[in-house]
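Only the coordinates and a few stated rules stand behind these numbers; no lab work does. Keep in mind it's a predicted model, so treat the numbers as computed, not measured. A quick note on method: Cβ atoms are made from the backbone with ideal geometry, for glycine too, and the neighbour counts reach across all protein chains shown.
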Amino acid sequence: MDQHTTPRFFHQLVRPIMEWLPQLTQEWQGDFGYRKFFTHTHVLLSLFAHLSRAEGANDLATQLGDPSLITAELVGHTTGAISPSTLSRANQSRPYQI
């Protein structure tokens, strides 16, 4: 995270999105077939990636698995490390409408 993307700023930014995300996830079956990497985390991680200028899927997967970073806590990821291929697959297959 850069100096301008603090946890407080991030949570304020995503608060309006979190109000309609559960409904859209259900409507578009965004979590269908997923056991570990859910829509909520995917959307927040995507926003985090843009704000933090992440280098790509490898960088994001590494950040999620690193307990010394706050990334997993920030995006609500509680199911352990994910692989870059899981993130890429979610980017390709999760409904864009969400």
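Odds and ends about this structure:
- Residue list for the stretch 77-95, filter: exposed (fewer than 13 other Cβ atoms within 10 Å of the Cβ) and within 19 Å of residue 10 (Cα to Cα): 78
- Restricting attention to the stretch 44-98, the residues that are touching a Lys or Arg at 6+ places or on another chain (Cβ under 8 Å) and within 23 Å of residue 24 (Cβ to Cβ) add up to 3.
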